[in-house]
Each structure stands twice: as structure tokens, then as C-alpha cells.
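*Asks:* Starting off with a structure, shown below.
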Amino acid sequence: MANTVNLKIDGIDVSVEAGKTVLDAAKELNIHIPTLCYHEDLCVAGNCRVCVVEQEGARNLVASCAMPAQEGMIIHTNTHKVRNARRHVVELLLSEHNADCTKCYKNKNCELQDLASEMVINEHMFTDLVPIKNYTKDQQSPSIIKDDSRCIRCQRCVRTCSELQHVSALGVAYKGDHMKISTFFENPMYDVVCTNCGQCVNRCPTGALIEKNYIDQVWDAIYDKDKHVIVQTAPATRIALGEDLGMEPGEIVTGKMAASLRRLGFDSVLDTDFTADLTIMEEGTELLTRLKKALVDKDSSVKVPMFTSCSPGWIKFIEHQYPEYLENLSTCKSPQQMFGALAKTYYAQKKGLDPSKIVSVSIMPCTAKKFEAARPEMRDSGYQDVDLGITTRELAVMIKQAGMDFEKLPDEGFDSIMGDSTGAAVIFGATGGVMEAALRTAYELITGREVPFENLDITPVRGMEGVREASIKLEGLLPEWSFLEGVELKTAVAHGLTNAHQIMEAIKKGEANYHFVEVMGCPGGCIGGGGQPIPTTPEIRKKRAEAIYREDTGMKIRKSHENPEVAQIYKEFLGEPLGHKSHELLHTHYTKRKRH
Amino acid sequence: MPDKKLKRVDLIFSEDSVYKDVLAESLKKSNEDILKDVLDSGLRGRGGAGFPTGLKWKFTSQEAEEEKYVVCNADEGEPGTFKDREILSRVPLKVFGGMAICGKVIGAKHGYVYLRGEYQFLKAELEKVLDEFHATLKEIGFDFQIHILMGSGAYICGEESALFESMEGKRGEPRNKPPYPTIAGFRNKPTVINNVETLVYSFMICRIGAQKFQELGTADSRGSKVFSISGDTPIAGIYELELGMSLEDFVEEFGDGDTKAVQVGGASGFCVPRKKFKDTIIGFEGVPTGGSMMLFNSSRSMYNVLKNYVEFFEEESCGQCTPCRVGCQQLKLGIEAVKKGDKSAAYLKTLQKLADTMKISSKCGLGQSVANSFYSIVDNFVEEMIY
């Protein structure tokens, strides 16, 4: 066959598709070759040199991640030469690495540590000569800590930031032994174009890039008898948390998560999914209102397309890179922040609590949520609406600290109020989910009929394609919406900021004519968020997404407007979508930021 | 034993009153004829690596791409090399002529000279000559444009793939190979990248024919080469010499009577001690060089020489691959520690093993060649490393 090449690895014949690498071919044979700079999501760098192998006839060893498999190649992965070289490489990396592992947040979750252990490197032979270097530890960002002393310069973060996210907040500076991963003019992370998405954190093999953790602060709040500590959990946490607690990707652990939170000592275990449903009510209404003003009233001050606003990484991206489009962003706060604003108002009133005594904690698949919670405008309740945002990973650490056998926990439900949710809310966690949830509600609102898709599954907006488009013809509308009769509602979905960039460029050039665009900052949407269990690969994200849709299918109610607690809050507290109270608590504004 | 005697040659800098005619005639020849000449001549790259020039041209000419490039590597950065500067100052038209002929053979419309940052002072004059050259091409009726791009002072950008990255406006970091430049070079298009001197020889081969060129040198090292001779010599400078001479002859001609070692090929080359002068051939069958010949007499500390080289590499490594970035640091720290007595002499063996790893597992030629000088100096002057 023309499209396959045949080679021999460690004496075993293997055929692979042309274009595959030696590393790919070895994987086919279940031969493990260690890697560090290689990552499935990124272009090949070939710079750590841990994956070197011997190729017969070649003068030097070759990096298996970068070497294309070629016809007739004979490869040896485990020769004396190879082992010596790999060992040297790991020893060299350790010589410039701050290896005080017990003080490291990534202890036991570090690829360099794994390799050192695998190679039984118990003496760091090149360490003693290295002079003490003055590394910087940048802890000023509310989301991400960058510790250069632990960096092995593999450039995964750099490739992530430029290739996947089109942000390029991280780059390479200097050369030789001074070479380092740096930012624009070495400014702190909080003061550059970083979106706090945390994709670099997900891919950093060591502890050089980690989330800023608030584990101790959460424990302190829980132990404080004077405080009422409530917790909300984002949609994507419930299908990934298990991965950090010994379970396989794709397992739904909603019930166990609720049980674990209760056992950790939270006073009330609530659900961001509730405010995801509420977001749909607000955002759906906002979309229809915008369409009326723009299409019927020809009001040029109203901007279309409308962009979703749930993803704080995306928000910061557009604030930096496309500030001229801030008015296109939905004014809806993200579900986390809607929840926060309601927790210290509606919830406090209903429960008869003093809002100053409430500590509002969120469990998020996201590092940017930490930044979002700290935004100065997110204090509409009169207090900081969300006090502490922690990631799925941090929650897993707390569960381990508490000594729970997570897999054996019973399935429990959420508390009330603000614990009810629908299938539409849970799919917020996957790319296309907000779009699908919005369409399920908006379409029904204006036609009185369910969306014309089998079993409510709007499959054109699902999947892992970087940019997806879908349109729905609006026909047979209820009389009050007849002004939209015959409109072809054009939507688009993008995930990962490089795809967002692509969509924005198309819109800027006038090549795209959408009404409604969903953007999620992370690849795969929140399921692939920067706060999710490490590692992340396309395969793992696919499994998480499948779990999200399974969870949706299994829900009794699958449309946001049918959430009984949502109906209740409008009746008792908010009035109507986009009403006065909503405007005060659930909507926000954005800030133009510098481009570098 | 070398059978060639030292012989001066005058091809590169020879006066050329018939330059225009040669260019016009060459551009009229068939591509096959030119390729045959360059292949038959046995010319190998003069930048140091010595890849057969004709093959490079042939491979690139066989690529089906519309867009192809000729790049002249004038990022002369190897310590002890200064011949490209001289060539570009004295015979730039021959360099451009070589580029145009190559462009014809491979089917490129654009050529680029990547000029070492420190050679900024050459640029204005080169551009003037270039205008003249473009006018000549127009007269001849050949469509080819040469552009000059400046480097910014990084040694690594002399490595061809880092050079392309730099030309593309990116950080100068070597790429993974394969693919090689003949398939994916500048802008990922098929590219011939030749050293300044190689291009002049290509031009001269078209002028004098493959036969005349072949008569010079040895089976493995055809032709002559421009040497940059420096160090402890009363007659430092640029000399064009036939390849294949023994180092003994060379030292006799250029040494100061007290030569204890010659560093052949610059910091990334090999150090040859006096006792090996006789048996060392300067050429691809012996010790190859991109032109740098540094002579050291007995007043020199070879420890200082080595330390200087290692420091150079430590600073000039691009820093992306582990063996080179960290290895260079460790070699430097290691020889310092041995010299100071903080490490025993046996540590030199550890360092040599490390240098081995750097040689076989670094990503590009820089890291791979640090071992050359390290090994040859440590092996031959071990007592100077310790005491």
C-alpha cells in the first residue's frame, strides 16, 4: 500500500500510515518511549530530547516524536546508547530544576518526577556545580502562578498559548543558559494579555505553571463556625472530578460530588447548573430583544451578532484583542457570577441569613473563574459575589485530604433552593452546549413548539470541530414574535481561542453573517477547561463530552425554561427576564484592555 | 599520509573582466549541463558540513513546487572565520552570479542574502552592487531578484533552519529535520541554502569547467578553499589553498616556529596537537573546516582556549534543546571545578560522556559539535586541564 510505511522497532515489524512518527509507530506496538515536550494537542517541538531512539545507519540518535516513520527503518528504543542519553537528559533537566518536590503543588503529578523515578535517578549528578540562580515566582495573578525555578523549558506552554489559544502571552526570551519562558517585557502575568484560561497549566509537565490554589482558605471558611459556607458546582466538574480520584475519564460523578461536598462540611451544596438555566432565560430573551431592535426597529446601536459571555477566558480575550466588539457580548453574567449575586441576596433572604456571613465558594473547571470572581464589577450583592473559586483539581485535593473513598460514596442530590437544574444546563460544559440550550428554549418560546431535532439533540452544534455553524429557519411563530417570521437564524460555535480568533477575523472582514455566536475559551469547552484534571487529550475530552450528553439525556427536565426553581425565582424575586432586578444583579459590562 | 603539498590558488578573488559574459553564457546553458558540471566538479559545501553542492541543487530542482528560493548563508559567525566578509567585500558579483545560476537550475525567482548582523557596514555597498547586478540580469533577460536580509547577532542563526526561522521573522531556533531545506526551507518551500564561498565556487565552475576544478584537491575534497588564518602566526589573513595538504605543511607555512596546536574549524571544530600535524589532512577525509584555522603556540593555555569555546557555546546555544542548553553549562562548570580542584581529574571522563550525549542527541549541529573541541582539547591536553 502506498500510504503505509513498514519499519522495524526493537525487532518487531510494524506498518503505519505515512506521515506518522516513530513515536506513533512505537505506540502501535505498545512500546513506551518517554516524552516530555511532546503533547498530543500541540505541534512537535522535539526539544527535550528524552524520546531519543537509535536508528540503524544514522550517525546520531533521533527524536522519535519528530522523526517521520520511513520505509525500511530499523529502530532500537532500548540500547545502551539510548538509555545513557535519556538518563543524561533527565539529569541535566534536574540540574536546572528546583527539585524540592515535597514543597511542590505538583508533587506526585509531575512528568519529570515520574521520569526520574522510572530511571531510578537517586543521585543528581550535575546539581552540585550549578550556582544558585535568582528565579522569579510570579504569584500576582489571581489565577495562575508561574514559577521559573521549576520550568524545564519544554515550551509546551508557549505552544499552547500561541497555537491553541492565539494569545501568545507566553514566549521564549533570551538564549543559551539564560533562555526562559517569559511574558511581554517580563511583565507579571496579571499585566499581560493572558486570559487566565489555564491551558498552559493543563499542559505544564512540572510545577512551573499551576493554578493559584485557595484550598486552605476554603477549609478556613468551613471551620469558621460563624460562617455559612455554600458551594456551587459547574456543569463540567461532575464528569471529570473522578479522574483525579482514581476513576476513568467519562464517568459521571454528580451524586458522589454532592455527597463529598456535604461531607467536607459545606453548609449547603448547590448547583451552578441552576444559574446556567437562568442564564438561558436572560440570554435567550436578550437575543430575541436584540434581533427585534436590529432587524425590525433597525436600531443601529444594537449590535448583532451577539456573543455568549459565560467563558471568562473568552471575555478577557475579546477585551484585549477585539475591544471594538465588546457591545456584541451578551450583558449576561456567567452562571458562576449570577449564582454569586443571588446567593447573597435571594438565597440569603429566603434562608434568613446575614449575607455578610455567607461565604460563597465555587467549584469550577476553570482557572479564569478565579479572576472573574475577583473582578471589581462583580459585587452587585453589596459584597464580593463569589468569595472563592476553586478548580476541579483543588476539590479533588480536598477530598483526598479529608480521607474519603470517593468511588464508594453514595449518590446524593443537591440542596434547595438553587440546586435544581435541567439537561440544558449540564450541556453548558461542552462546546456548543450553551447554543443548544439557548435554542431549545428560544425556539420554543417563539414558536410554542420544541426544536425540530430528534430527542431535542441539536447535533449540528455538537462535536469537536473547531468552528461549527448551524441555522434554523424560524417559521410558524406565535403572534407576538411574528416579526421574526421567516428569519433564518444563523449561529456559530467556536471553542479554543484560536478558533475564536478565526471567527472574529471572519466577522471583522464581513465574511460571516451570524446572529448568535457561542465561544468557549478552552478546547472542547469547559470539559477541557484549565482547571480540569491533568492530563488532557482529544480522547479524554471526547469521553468527557460524551458523559455530559449522557447526563443531559438522563435528566427528567431538559429545557431551561422548565426548571421549576427558575420559574419560582422569577415569580418571587426577579420578576421577568431582563427586568429591573435582573438588570441589577445578573447583567454586567466589560472593559477595554491593552493589546500587549 | 597526505600526498598534496601546500599550494596557493587564485580562483575566488581572481579578477574577472569577462564576468558578464560568463553569467550570460551560464544562464543560457541547459539546467542539466550546469547540474552535471557542479556534480562532476565534486564541490562540497564550504560552510563546514560539506554536503555535495550539486546534490542539493539537484534535489531542489526535482521538487514540483512553484515557489522556490536560493539563500546565501552569509551569517559568518564561527569563531576565527572571516573569509565571507572578504569575499563579499571584494567579489560580491560572483556571489550573486552563483545565486542566479542556482536560481535558474532549481527554478527560483528570488534569492536572499542573510547577512551577519555585525556586517551591517557591508550592506550599503552590497546593495549598490546588487542594483548593478539586477541591471545585468535584465540585460541578459533573466528574471531573478536578490534581497538582503540582516541577521541580529545570534550565532545559531548560521544553522540553516534557524536562519530560515529568523528570515521569517521568528525566533532563530533550529527546526526538526527531516524535512530538509531542499523540500521545506524558507517559508517551507524548497530552498537551496549555500555558503557565500560555495556560491562563488559554483560560479567559477561554470566559468572554468568541472575538469579544471577537479584537478585541484583530493578524491574526497575537490578544489580549493578559502582559509581564515589567525592566532599565533606572523602572517594572519585570508588565503585560498588547495585542499588535501597536511597540517604539517600548513604550520610550516603559517606557524611562528612554536606552534603547539591548531584549532581546525573554529570553536565547533577539532584541536590538533603538534604530534599529529604530520598525519592530519585538511579536508573531508581528514579534519574538515569551514575555513577557520587558529594557531596556538606554547605560550597559550589550552584550558583557557577550551573555556573560551565552552563559554561561547553556553551563551550562543538557542536554549531550546536540553543537551545543548544545559550540557554547555555543565561542561563549563565542570572544567572550572576540575581546574580549581573541586572535582577530581576523573570528572573529566564524566564530562566527556556528557559531551558524547550532546553529540548524539542534540537537536542541531551546534550542540552536536561542542564535543569536537571538548574531546580533542581534553584528550590531547589533559594535564593543562588539571594543573
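*Asks:* Taking the criterion of being crowded, with 24+ Cβ neighbours inside 10 Å and closer than 27 Å to B:VAL310 by Cα, would at least one residue in the stretch B:234-244 satisfy it?
*Replies:* no
*Asks:* Let me ask something additional. Mind checking which residues of the stretch B:253-301 are over 16 Å from B:ALA236 (Cβ atoms), in contact (Cβ under 8 Å) with a residue 12 or more places away in the chain and part of a helix (DSSP H, G or I)?
*Replies:* B:ALA267, B:SER268, B:ARG274, B:LYS276
*Asks:* What number of residues within the stretch B:302-313 satisfy the criterion of being of a type in the set (Phe, Trp, Tyr) and without any contact (Cβ under 8 Å) to a residue 40 or more places away in the chain?
*Replies:* Matching residues across the stretch B:302-313 total 0.
For (1) aromatic (Phe, Trp, Tyr); (2) surrounded by fewer than 24 Cβ atoms within 10 Å (Cβ to Cβ); (3) closer than 22 Å to A:THR254 by Cα, each residue gets a yes or a no:
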residue: A:THR422; (1), (2), (3): no, no, yes
residue: A:ILE427; (1), (2), (3): no, no, yes
residue: A:PRO452; (1), (2), (3): no, yes, no
residue: A:ASP457; (1), (2), (3): no, yes, yes
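*Asks:* Can you pull out every residue in the stretch A:510-557 that is farther than 18 Å from A:PRO365 by Cβ, of a type outside the set (Ser, Thr, Tyr) and in contact with a strand residue (DSSP E or B) (Cβ under 8 Å, 6 or more places away or on another chain)?
*Replies:* Result: A:ALA512, A:ASN513, A:HIS515, A:PHE516, A:VAL517.
*Asks:* Just to verify a result, which residue in the stretch A:448-462, among those that are assigned to a loop (DSSP other than H, G, I, E, B) and of a type outside the set (Val, Ile, Thr), is nearest to A:ILE318 (Cα to Cα)?
*Replies:* Step by step, filter the stretch A:448-462, then rank; the result is A:ARG462.
*Asks:* Let me ask something else about it. Please go through the stretch A:463-519 and pick out each residue that is part of a loop (DSSP other than H, G, I, E, B) and under 17 Å from A:ALA430 (Cβ atoms).
*Replies:* Within the stretch A:463-519, A:GLY463, A:MET464, A:GLU465, A:GLY466, A:GLY496 meet the criteria.
*Asks:* Name the single residue that is surrounded by the fewest Cβ atoms within 10 Å (Cβ to Cβ) among those in the stretch A:1-19 being within 14 Å of another protein chain (Cβ to nearest Cβ) and in a loop (DSSP other than H, G, I, E, B).
*Replies:* Out of the qualifying residues, it is A:GLY19.
A quick yes/no check of all residues on (1) surrounded by 22 or more Cβ atoms within 10 Å (Cβ to Cβ); (2) within 14 Å of another protein chain (Cβ to nearest Cβ):
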| residue | (1), (2) |
| --- | --- |
| A:VAL120 | no, no |
| A:ILE145 | no, no |
| A:THR160 | yes, no |
| A:GLU163 | no, yes |
| A:VAL201 | yes, no |
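*Asks:* I've got another one for you. Looking at the stretch A:122-143, which of its residues are away from every other protein chain (no Cβ under 14 Å) and surrounded by fewer than 17 Cβ atoms within 10 Å (Cβ to Cβ)?
*Replies:* A:ASN122, A:ASN134, A:TYR135, A:THR136, A:LYS137, A:GLN139, A:GLN140
*Asks:* Hey, another quick one. Please work out if A:HIS32 is within 16 Å of A:CYS204 (Cβ to Cβ), assigned to a loop (DSSP other than H, G, I, E, B), more than 9 Å from every other protein chain (Cβ to nearest Cβ) and touching a Ser or Thr at 6+ places or on another chain (Cβ under 9 Å).
*Replies:* It is false that A:HIS32 is within 16 Å of A:CYS204 (Cβ to Cβ), assigned to a loop (DSSP other than H, G, I, E, B), more than 9 Å from every other protein chain (Cβ to nearest Cβ) and touching a Ser or Thr at 6+ places or on another chain (Cβ under 9 Å).
*Asks:* Sticking with this structure for a sec: Considering only residues of the stretch A:230-282 that are of a type in the set (Ser, Thr, Tyr) and under 30 Å from A:GLY575 (Cβ atoms), which is surrounded by the fewest Cβ atoms within 10 Å (Cβ to Cβ)?
*Replies:* A:SER268
*Asks:* For residues that are aliphatic (A, V, I, L, M) and over 16 Å from the mean Cα position of the chain (by Cα), scanning just the stretch A:306-335, find the one that is surrounded by the fewest Cβ atoms within 10 Å (Cβ to Cβ).
*Replies:* Per the stated criteria, the residue is A:LEU326.
*Asks:* A further question on this structure: Find the residue count for the stretch A:42-62, including only residues that are at the interface with another protein chain (Cβ under 7 Å from one of its Cβ atoms) and surrounded by 20 or more Cβ atoms within 10 Å (Cβ to Cβ).
*Replies:* 6
*Asks:* Identify, from the list A:LYS303, A:LYS344, the residue that is among the basic types (Lys, Arg) and surrounded by fewer than 24 Cβ atoms within 10 Å (Cβ to Cβ).
*Replies:* Selected residue: A:LYS303, the only one of A:LYS303, A:LYS344 that is among the basic types (Lys, Arg) and surrounded by fewer than 24 Cβ atoms within 10 Å (Cβ to Cβ).
*Asks:* Give me the residue from the stretch B:196-218 that is among the charged types (D, E, K, R) and touching a residue at least 12 places away in the same chain (Cβ under 8 Å) and, out of that set, surrounded by the most Cβ atoms within 10 Å (Cβ to Cβ).
*Replies:* Only one residue tops the list, namely B:GLU197.
*Asks:* Also: Picking from A:THR160, A:THR237, A:THR195, which residue would you name as being part of a loop (DSSP other than H, G, I, E, B) and touching a residue at least 24 places away in the same chain (Cβ under 8 Å)?
*Replies:* The match here is A:THR195.
*Asks:* Please determine, by comparing only the residues of the stretch B:314-342 that are facing chain A (nearest Cβ under 7 Å), in contact (Cβ under 8 Å) with a residue 12 or more places away in the chain and among the acidic types (Asp, Glu), which one is farthest from B:SER301 (Cα to Cα).
*Replies:* Result: B:GLU316.
*Asks:* Here's another thing I want to ask about it. Output the number of residues of the stretch A:402-445 satisfying the condition of being touching a residue at least 12 places away in the same chain (Cβ under 8 Å) and assigned to a helix (DSSP H, G or I).
*Replies:* 22
*Asks:* How many residues are in a loop (DSSP other than H, G, I, E, B), within 12 Å of another protein chain (Cβ to nearest Cβ) and surrounded by fewer than 21 Cβ atoms within 10 Å (Cβ to Cβ) when one looks only at the stretch B:158-179?
*Replies:* Final tally of qualifying residues: 6.
*Asks:* Still on this structure, I have one more. Applying the selection to the stretch A:63-74, what residues are within 9 Å of chain B (Cβ to nearest Cβ) and either in a strand (DSSP E or B) or more than 20 Å from B:GLY365 (Cα to Cα) (or both)?
*Replies:* If the condition is that a residue be within 9 Å of chain B (Cβ to nearest Cβ) and either in a strand (DSSP E or B) or more than 20 Å from B:GLY365 (Cα to Cα) (or both), then A:ALA63, A:PRO68, A:GLN70 are the ones that fit.
*Asks:* Something else: Return yes or no: is A:GLU91 surrounded by fewer than 23 Cβ atoms within 10 Å (Cβ to Cβ), within 11 Å of chain B (Cβ to nearest Cβ) and touching a strand residue (DSSP E or B) at 6+ places or on another chain (Cβ under 6 Å)?
*Replies:* No.
*Asks:* Restricting attention to the stretch B:220-252, which residues are touching a residue at least 40 places away in the same chain (Cβ under 8 Å), under 20 Å from the mean Cα position of the chain (by Cα) and assigned to a loop (DSSP other than H, G, I, E, B)?
*Replies:* Hits for the stretch B:220-252 are B:ASP220, B:SER221, B:GLY223, B:LEU243, B:GLY244.
*Asks:* Taking A:GLU211, is it more than 14 Å from chain B (Cβ to nearest Cβ), of a type outside the set (Ser, Thr, Tyr) and under 19 Å from A:LYS370 (Cα atoms)?
*Replies:* yes
*Asks:* Same structure again: Please go through (1) surrounded by fewer than 23 Cβ atoms within 10 Å (Cβ to Cβ); (2) farther than 17 Å from B:GLY111 by Cβ; (3) among the aliphatic types (A, V, I, L, M) for B:ILE12 and return the number of the only condition it doesn't satisfy.
*Replies:* So the condition that B:ILE12 fails would be (1).
*Asks:* Considering only residues of the stretch A:206-221 that are part of a helix (DSSP H, G or I) and among the aliphatic types (A, V, I, L, M), which is surrounded by the most Cβ atoms within 10 Å (Cβ to Cβ)?
*Replies:* Per the stated criteria, the residue is A:VAL218.
*Asks:* Let me ask you something else. Being away from chain B (no Cβ under 13 Å) and either in contact with a strand residue (DSSP E or B) (Cβ under 7 Å, 6 or more places away or on another chain) or surrounded by 19 or more Cβ atoms within 10 Å (Cβ to Cβ) (or both) is the filter here; which residues of the stretch A:171-184 pass it?
*Replies:* Matches in the stretch A:171-184: A:THR183 only.
Every number in this text was worked out from the coordinates using simple rules, so none of it is lab data. What you see is a predicted model; the values in this text were computed from it and never measured. We place every Cβ from the backbone using ideal geometry, glycine too, and count neighbours over all the protein chains shown.
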